[in-house]
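Everything below concerns the one structure shown next.
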Amino acid sequence: MECPYQEQCGGCQWRHLPKEEYQSAKEKQVLQILSGLSSSDYHWNKPFFLSDGERRRASLAFRYKKGKLEFGFNQKQSNELVDIQSCLLLTEKLNANLLKIRTLLQELCQIKMPLYKKNKVIGYQTLQMGDVWLTEADNGIDVVLEFDMEVNLEYRMLISEYGQQFSDIIRISHRRKPDALTETILEKIKPAINISGYSVYIPAGTFLQAAKASETIMVNLVKKYIGTSQGKIADLFCGVGTFSYPLASNKNNQITAIDSSESLLEGFRQSVNRNMIPNIKIQAKNLFKYPLDEKEISEYDVIVFDPPRAGAEAQVKKISAATKQPAKVIGISCNPHSFVRDANILISGGYKLQEITLIDQFCYSNHSELVALFTK
């Protein structure tokens, strides 16, 4: 489908191609990267390609210049913005609320904030720029406003006033920068998603798979790769528990879910306790700095890992060097380049790469998701 912004927007590098031609080119691109694997004796599954209108998560930027608000995505190779009204990638509900969010931003940017020096007002400043993080949960839209200014009473009142009017938006939060503490300004109900039959509350601005459909595909692949294997399973870089919940449905499994974010894991713990799931244990650990050691690795029958784009080099090195290794390792990757490096480390440690599946949840972009099975 043709996008009115595709000539300027930097988000969809391949949208100029017909759908079938794009999908063929994306598959060839990934296979070219995978040619760097030290083993070619694996099964390449038929890829899964998602369509427009399925992205439930997005990050947009805003700029306020000379009384005019720009709200959208970055231009190609530029810090300038493409001012958009809607995006073909996004879900219908997210698109339907972009205008409402734009209206809120316009009002916020017009508020004059006093500047003080020695308790005297020496001038005023207004909100000039920031980002907006959107997530469509199963019960409504979660919004995180990110700008490096204090949210005073006037901001809070405006956010609450507009937020109450927006029926689809159920939570609005603020943080000053990506790694800063996120403060909830308005919460009508807690945003939640359904994972394998469990209702899971999600923290503000938390990472989720880009589309519900791709999440379902990944979960089904992990369950397929687990097969009849059961026992102790490590879910590394676990996030909100995308894979822990379905794996815990087999009561013979004992899941250890590990991630570095204390705030994210606290929400995970609450969901596990609320759903009364006895076989998920949650642990906070920075796996980049402190990967599971040989003794810890020896306890597991299966390891599942889903790291950020940098991959899991430190952890797969430990797995590869371990005397007692898990029978299966299932790797999920959003970066084929780091996947090749990590896969080659596992192969050198005695694992056989059985199969790889491409999931194209980042339509018309250079990004790809892979799910792979390694066995002893």
Of F207, F147, F49, ordered by accessible area with the largest first and a 1.4 Å probe, the sequence is F207, F49, F147
Probe 1.4 Å, heavy atoms of protein chains only: per residue, the accessible area of the chain in Å² is 47 Å²
Taking only protein heavy atoms and a 1.4 Å probe, the highest-to-lowest accessible-area order of E299, E150 is E150, E299
Extend 7 Å from the Cα of T103 along its Cα-to-C-beta direction; within the stretch 168-187, residues with backbone N under 16 Å of that point are 168-170
A chain fully extended from E154 to D41 at 0.36 nm per residue, minus the present Cα-Cα distance, gains in nm 34.4 nm
For the pair S51 and A327, the simple spin-label estimate (label points 7 Å beyond Cα toward Cβ) gives in nm 4.0 nm
Rounded to the nearest Å, the spacing of the alpha-carbon centers of the stretch 228-252 and the stretch 1-18 is 38 Å
Carbon/sulfur accessible area of the stretch 209-345, % of total, 1.4 Å probe, equals 52 percent
Placing each pseudo-label 7 Å from Cα in the direction of the beta carbon, S24 and S365 end up separated by a distance in nanometres of 2.5 nm
Of the stretch 1-21, those with amide N under 13 Å from the point 7 Å along the Cα→Cβ vector of K76 are 5-17
Mean 1/r over distinct Cα pairs of the stretch 31-83, inverted to a Kirkwood Rh in Å, yields 15.5 Å
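Kindly sort H16, H174, H43 by accessible area of their heavy atoms, largest first, with the probe set to 1.4 Å.
Ranking H16, H174, H43 by accessible area, largest first, yields H16, H43, H174.
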Expressed in square angstrom to the nearest 10, the accessible area of W133 with a 1.4 Å probe stands at 80 Å²
Comparing L98, L181, L264 in a Gaussian network model of the chain (Cα, 10 Å), the one with the largest mean-square fluctuation is L181
Placing each pseudo-label 7 Å from Cα in the direction of the beta carbon, E313 and N194 end up separated by a distance in nanometres of 4.2 nm
Here the membrane-span-like helices of the chain, with no claim about any membrane, defined by DSSP H, Cα axial extent at least 24 Å and mean Kyte-Doolittle at least 0.5, are none
Once normalised by the length of the stretch 239-330, the mean sequence separation of its alpha carbon contacts under 8 Å that are 6 or more apart gives a contact order in percent of 26 percent
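Tell me, in nm to one decimal, what length is gained between I33 and N252 on full extension, where the rule is 0.36 nm per residue of separation less the Cα-Cα distance?
Details: separation 219, 0.36 × 219 = 78.84 nm, distance 3.79 nm.
Taking I33 through N252 to full extension adds about 75.0 nm, to one decimal.
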Expected max-MSF residue from I122, I170, I297 in the GNM of the chain (alpha carbon, under 10 Å) is I122
Of the candidate values (i) 67, 48, 39; (ii) 68, 52, 39; (iii) 94, 49, 43, the one computed for Cα extents along the principal axes in Å from this structure is (i)
Dividing the mean separation of Cα pairs under 8 Å (6+ apart) by the residue count of the chain yields a relative contact order in percent of 17 percent
Sorted by chain and then number, the residues having a modelled amide H within less than 5 Å of the amide H of N335, at least 5 places away or on another chain, are L370
Expected field for Y5, accessible surface area in Å² at 1.4 Å probe radius, rounded to 10, holds 40 Å²
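The values are calculated or read from the model by the stated rules, or taken from the named source; none is laboratory data. These numbers come from a predicted model, not from an experiment. Counting neighbours? That spans all protein chains shown, and the Cβs are built from the backbone with ideal geometry, glycine included. Each accessible area value is taken on the protein alone, full model and side chains, heavy atoms only, with ligands, DNA and RNA left out. Shrake-Rupley method; radii C 1.70, N 1.55, O 1.52, S 1.80 Å.
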